[in-house]
1. Against the condition over 22 Å from the mean Cα position of the chain (by Cα), modelled with pLDDT of 95 or more and not polar (S, T, N, Q), how does residue 212 come out, does it pass?
2. Hey, can you tell me all the residues within the stretch 37-61 that are aliphatic (A, V, I, L, M), out of contact with any Pro (no Cβ under 7 Å at 6 or more places or on another chain) and more than 16 Å from residue 78 (Cα to Cα)?
3. Is there any pair linking a residue in the stretch 284-299 that is at pLDDT 95 or above to one that is outside any loop (DSSP other than H, G, I, E, B) and hydroxyl-bearing (Ser, Thr, Tyr), with Cβ under 9 Å and at least six apart or on different chains, and which?
4. Looking only at the stretch 157-178, filter to residues that are in contact with a strand residue (DSSP E or B) (Cβ under 6 Å, 6 or more places away or on another chain) and buried (at least 17 other Cβ atoms within 10 Å of the Cβ); which one of those is nearest to residue 265 (Cα to Cα)?
5. Does residue 103 satisfy the criteria of being among the hydroxyl-bearing types (Ser, Thr, Tyr) and buried (at least 21 other Cβ atoms within 10 Å of the Cβ)?
6. Give me a count of the residues in the stretch 1-46 that are assigned to a helix (DSSP H, G or I), free of Cβ contacts under 8 Å to residues at least 12 places away in the same chain and under 16 Å from residue 352 (Cα atoms).
7. Within the stretch 319-330, identify whether any single residue is under 29 Å from residue 216 (Cα atoms), under 21 Å from the mean Cα position of the chain (by Cα), touching a residue at least 40 places away in the same chain (Cβ under 8 Å) and surrounded by fewer than 17 Cβ atoms within 10 Å (Cβ to Cβ), and answer yes or no.
8. Kindly indicate whether any position in the stretch 203-216 is surrounded by 15 or more Cβ atoms within 10 Å (Cβ to Cβ) and closer than 25 Å to residue 40 by Cα.
Amino acid sequence: MKIIIAGGGTGGHIFPALAIANALKNRLPAIEILFVGAKGKMEMEKIPEAGYEIVGIDIAGYNRSSLIKNIALPVKLIKSFFQVRKILNSFKPDAVIGVGGYSTFPVLRSAQNSNIPTFIHEANSFPGKSNLMLGKRAAKIFASVEGMEKYFPSEKLIVTGNPVRNVFSEKLSKKEALAFFGLKTDCKTVFVMGGSLGAKSINETIEANIDFFKKNNLQLIWQTGKSYAANAAKIEEERMNIWTNAFIDKIEYAYTAADVVIARSGAMTVAELCVVGKPAIFVPFPYAAEDHQTANAMTLVNKDAALIVRDSEVRINLIPMLLTLINNEELMKELAINISKLANTKADEIIADEILKKIKIR
């Protein structure tokens, strides 16, 4: 059996894709899996690191900030369809799975035009335009939340939640995790991340308040994204209580080491934090479609499972909220217990089972 998984661009697409691939492999060890991604994007590095083959196509998304950069987009889209047709004819997949990202549309649309069963995983509460168009002809659509009938045919929908990498279920001691970052065991540790690509407002706030951590006997694990990595590296050189990098490959170590997490509230970050059960302060990305990151965060906030700071208020309110939380053991414990209740560790298995069942029936 052969499967193509298409998508990427951010960790929020890549890591669910890997979780699904691993679940398929566990179910059917002889299965062949090929990833298709966008050339120059994160998946071209992260997928091979995970042990899977990936082919890149020439595709890019619509650039809302610079219209002139979209001139070449139609040419790239047409070229990508020719590249995908070649991949499909060569690999001959039994099914194609889309997880979101630039490569999803040409790969799944081409598969649908060739009568190859397609499956979609929609991580967010508001689907992207590509998935909306592809959903009408998909065999199944795996949704992360209830209420997606207003976007997709109800008979094709299955609410699975978001697949989380199985590394989070592995036993790892806090001492071992702190040693990984060269940090001490007698200080509380804050893990700050803005998603796999970073977050400008969070990074600037942390840099402006960098002395706050040492003054309060705190350690900092800081995932900055590429654009802010050089700034943070200079800060790290002068301080022993800070570890920083553009991206953390072994994020399970960061979660285990952390007493509190500050993060954007993308669907996968929320899912992971539920599984690891850490007190969190969310700073939703304000320009996400339909403000879905705020909706993600508020689902937890309304259940006393997390705290929230609006992006427009992050420079004023984030550090005071962090100080209040880190000094309130009861609140930290309450948030950890409540967020753990929302954990879902079976989404990857459910998706794999449904895909294999549908293909075998066919």
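1. Values: over 22 Å from the mean Cα position of the chain (by Cα): yes; modelled with pLDDT of 95 or more: yes; not polar (S, T, N, Q): yes.
So residue 212 fits the description; yes.
2. Residues satisfying the conditions are 42, 44, 47, 50, 55.
3. 284/294
4. So in the stretch 157-178, the residues in contact with a strand residue (DSSP E or B) (Cβ under 6 Å, 6 or more places away or on another chain) come out as 157-160.
Checking the rest, the ones that are also buried (at least 17 other Cβ atoms within 10 Å of the Cβ) come to 157, 160.
Numbers: 157: 24, 160: 19 Å.
That would be 160.
5. Details: among the hydroxyl-bearing types (Ser, Thr, Tyr): yes; buried (at least 21 other Cβ atoms within 10 Å of the Cβ): yes.
For residue 103, the condition - among the hydroxyl-bearing types (Ser, Thr, Tyr) and buried (at least 21 other Cβ atoms within 10 Å of the Cβ) - is met.
6. Qualifying residue count, the stretch 1-46: 1.
7. Narrowing the stretch 319-330 to residues under 29 Å from residue 216 (Cα atoms): 319-330.
Filter once more, so that each one left must be under 21 Å from the mean Cα position of the chain (by Cα): none.
The answer is no; no qualifying residue exists.
8. Yes, some residue in the stretch 203-216 is surrounded by 15 or more Cβ atoms within 10 Å (Cβ to Cβ) and closer than 25 Å to residue 40 by Cα.
The values are calculated or read from the model by the stated rules, or taken from the named source; none is laboratory data. The model shown is predicted, which means the values in this text are computed figures rather than measured ones. When we count neighbours, we look across all protein chains shown, and the Cβ atoms used for this are built from the backbone with ideal geometry, even at glycine.
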